[in-house]
1. For Lys630 and Ala591, FRET efficiency with R0 = 25 Å and r from the beta-carbon atoms, rounded to 0.05?
2. Can you compute log10 of I(q)/I(0) for the stretch 450-585 with the Debye formula, treating each Cα as one identical point scatterer, at q = 0.11, 0.17 Å⁻¹?
3. Given axes a ≥ b ≥ c from the Cα gyration tensor, I'd like to know whether the stretch 451-528 is rounded (a/c under 1.5), prolate (a/b larger than b/c) or oblate.
4. Given Cβ point charges of +1 (Lys, Arg) and -1 (Asp, Glu) and nothing else, what value in debye, to the nearest 20, does the dipole of the stretch 112-220 about its Cα centre take?
5. Which angle from 0 to 90°, rounded to the nearest 10, does the C-alpha axis of helix 504-515 make with the longest principal axis of the chain?
6. Starting from the 7 Å offset along Cα-to-Cβ, what nm value, one decimal, do you get for the label separation of Glu388 and Ser99?
7. Which FRET efficiency, nearest 0.05, do Tyr350 and Gln223 yield, Cβ-Cβ r, R0 60 Å?
8. Projected onto the charge dipole of the chain (+1 at Lys/Arg Cβ, -1 at Asp/Glu Cβ, origin at the Cα centre), which of Phe72, Gly428, Gly482 gives the Cα projection farthest towards the positive end?
Amino acid sequence: MAGLKKKTAEYGSWDAHITMSVLTEKTNRIGTLKVQGDVVYWTEQRPDEGGRSGLMSWSQEHGLVDCFNAPFSARSRVHEYGGGDFCLGGDKIYFVNASDQQIYSCLPQEAPLKLTDFDDFRFADLQYDPLGPRLFAVAEKHDLVDDGDTHSLPKNMLVVVPLKGKEAGQIVVLDETHDFYGSPRLSADHKTLAWLDWDLPDMPWESSRLMMADVGGGEFIPQIIAGGFDQTRNDTSSAFGPVWDRSGALYYVDDQSGYGQLYCWSKGVVSLVLHQDEMADGLRPLWVFGMESLAVSKTGAVYLSSYGQGKHVLQSIQAQEIGQIKSSARSVEMLQMFGEQLVGIVTTDYSPASVMLIEPEGGELSMIRPSARAEIIKGDISVGQLKEFMGPNGPVYGLYYPPIHSKLMGPPDALPPAIISIHGGPTGMADRGLKFKTQYWTNRGYGVFDIDYSGSSGYGKAYRERLNGQWGRADVADIIAGARTLIEEGLVDRDKLIVMGGSAGGYSALMALVESDLFQCASCSYPVTDLAQLLEITHKFEAGYIYALTGTTVDTAKEQLKDVSVLSHLDKIDAPVVFFQGLEDKVVPPAQPRAVYEALRAKGVVSELYEFEEEGHGFRGGKTIEMVLKKEAAFFNSVFNRF
């Protein structure tokens, strides 16, 4: 009721309206999104189905359709992180099935049929060619060993899979001369294929090339269009997100200027389409396949989704006129055309990442598929406040979410506990807009600071490269500076600070405990703890990543990595830590957090470890997510003596 006076209750102890079920039963995670004609398709990870990735479609004529049932699940594991799980061709859907990593075909709401049958292959980033008919794809070949596991360095290649005749379901290799491939995209006349490739030790956002070749019957001769090493500049750049228009022009993003700018290749000539005056960046770190930030309409209008100094920017370019689409969106991913409208995975302050239409003229948003099925009132939702502060290496950005409750408030003479949330990657970016995990804590009376430390994407190449040679140092210095900023601004209780992160974020969280006594405890999910061991056993995609992050080489890494590994500094950690780990994790082995947990316990530091048998790198199952939240809440309560 309007004007209802809020009751006073201790921060961190509020009886929250945003419950665990909102995250574990009533919220799906939207993945790959594509459009065919007047139908939008997307994958959605469902925690209430054990993390299965269903495939949905929507059209004005038929509404929402669930395309296939369990046990089928659309999920690739190429590069371990997957993405690009399906494509559309004719009246069929082609997808990679999670359990065996093979390609299946199906008509909507009919039983899928197996197309490929190779125990040692995985597939991703499918692209349909009607003239074959055939599929272009990225393939990853693993040499199987006796226990059924795989070696860490598989063979990656660009392939064709025929769909008819005696060769149907077989693999024809187009190119295997590079370590990695991504984003195969076929021109409108089906004669030219564009794709990305890159080689170790680079990650795709450090140096990747946009390639092109004839696939319409001529000789397959790849040519470089953009990206990679440029001798005139004596520098590398990365290409991203190629999209063809109907005339045969190819649009893409390249960061040779220092920011992800929009370029166009047409008839052999490359031109800069959009110069970002406000330093907006349209490049995304290609951790998963299928990521796109631009779309081209049938009339030639081009739309680019960027991030500039912490804020989302959606721009249009038509007839050389540049405009900005004002909307309530805080992020737009998987941008596609839907007629003359836009569609994408859109997040706002009051809606988590969902499938929405965007009207280019006025920026109005229309919901197609909300990812959340829970009714949440605005009075229980905390809106992120963009903050800029100075770190040792320059400006740093983050989003602060103050505690909020529609019926409760903290005591007037008290400040809230706060969680410093550290994204993974470390070349990631704090989620923009509504994220229910953040709201789970703010609705309980915690402040949450989602920090984009040095190394984060969305701020240009120089910001991202601040972390090169400084992992475990520059990121940690920014995290500490961010915590001090919150204290100095009187936003949080300096005696109740928590640092939280997963994967690379878990490593940074533990190193923050090493470098500072500001934090009273930490929560770490599948954290990196031993960099030397990780370098030896990590999967192929990240096999060279640690060298750039730590400033080491093949010759110096073994010794130097010891100095920046958590295991070498356990004597400096006295704050309690809770660990969460999937036993099927192929990125961070379970032995890493287990070793730190046991060492902390041996020296008398309060430490807890929870392991989950069927989880990998990133938790998918609803029961797991619920257990993590329960154990975190109980752990924080015990640290702050709330029992």
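1. Details: r = 25 Å, r/R0 = 1.00.
Efficiency computed from Cβ-Cβ geometry: 0.50.
2. For the requested q values the scattering log ratios are -0.40, -0.96.
3. Details: a/c = 2.07, a/b = 1.34, b/c = 1.55.
It is oblate, given that a/c is not under 1.5 and a/b is not larger than b/c.
4. On the way: 10 positive and 21 negative charges, 138 e Å.
Computed about the Cα centre, the dipole is about 660 debye.
5. The angle comes out near 30 degrees.
6. 5.3 nm
7. Details: r = 47 Å, r/R0 = 0.79.
Given R0 = 60 Å and the Cβ-Cβ separation, E is 0.80.
8. Ranked along the dipole, the leading option is Gly482.
Every number here is computed from the coordinates shown, using simple stated rules; none is lab data. Fair warning: this is a prediction, and the values are worked out from it, not measured in the lab. Here the Cβ is made from the backbone with ideal geometry for all residues, glycine too, and neighbour counts use every protein chain on show.
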